[in-house]
Amino acid sequence: MAFVVTDNCIQCKYTDCVDVCPVDCFYEGPNFLVIHPDECIDCALCEPECPAKAIYSEDELPNEMQHFMELNEVLAEHWPNISGRKDPLPDAEKWDGVADKLDKLEGMPDI
Ligand code: SF4
Ligand code: F3S
């Protein structure tokens with residue numbers, strides 16, 4: 001099992017989650033982060049750290065967000081690792097809570 005980053009991270013990318021992960025299993029795109037499901041040790045430390053409440057445990061992932069499981073898995077293989085916190089995206093506050101931001105996702109690999 002693993003934890004999964006979902007829709008509300010898009011355009012926010014606060015990165016508080018990255019700071020607490022003991023195994024550095026976050027991977028970074030231009031406006032979203034993902035968790036590598038094979039590297040996550042299920043410690044649950046990141047979930048309460050996300051100001052956007054974008055992180056869920058796989059077994060608590062709401063039905064309408066199931067597609068984020070595969071998205072995390074695929075993007076983690078294509079994006080570079082991130083191991084330290086950085087500034088959120090400039091409009092993070094504005095985008096926090098906006099629904100269905102998947103069409104804003106940048107950095108999708110050609111697959
Ligand atoms: Fe990292 Fe733990 Fe979060 Fe998995 S649950 S991504 S190991 S902090
Ligand atoms: Fe994204 Fe939340 Fe981490 S907004 S970068 S999952 S702290």
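The values are calculated or read from the model by the stated rules, or taken from the named source; none is laboratory data. Every value quoted in this text rests on a predicted model; they were computed, and no experiment measured them. Cβ coordinates were reconstructed from backbone atoms using ideal geometry, including for glycine residues, and neighbour counts include every protein chain displayed. Protein only, heavy atoms only, side chains kept; ligands, DNA and RNA dropped before computing areas. Shrake-Rupley method; radii C 1.70, N 1.55, O 1.52, S 1.80 Å.
Are there any pairs, at least 6 apart or on different chains, whose C-beta atoms fall under 7 Å, with the first in the stretch 35-51 and closer than 15 Å to Asp16 by Cβ and the second within 14 Å of ligand 2 (Cβ to nearest atom) and in a loop (DSSP other than H, G, I, E, B), and if so, which?
Listed pairs, sorted by first residue: Ile35/Ala2; Ile35/Cys25; Leu45/Cys21; Cys46/Cys21; Cys50/Tyr14; Pro51/Tyr14.
Here are some residues: Leu102, Leu33, Leu89. Which one is open to solvent by 20 Å² or more (accessible area, probe 1.4 Å) and within 13 Å of the chain's Cα centre (by Cα)?
Going through Leu102, Leu33, Leu89 in turn, just one is open to solvent by 20 Å² or more (accessible area, probe 1.4 Å) and within 13 Å of the chain's Cα centre (by Cα): Leu102.
Please count how many residues of the stretch 65-107 are in a loop (DSSP other than H, G, I, E, B), in contact (Cβ under 8 Å) with a residue 60 or more places away in the chain and either more than 14 Å from Glu28 (Cβ to Cβ) or touching a Leu at 6+ places or on another chain (Cβ under 6 Å) (or both).
The qualifying residues number 7.
So if I check each of Asp42, Asp59, which one is at positive phi and more than 12 Å from the chain's Cα centre (by Cα)?
Only one candidate qualifies: Asp42.
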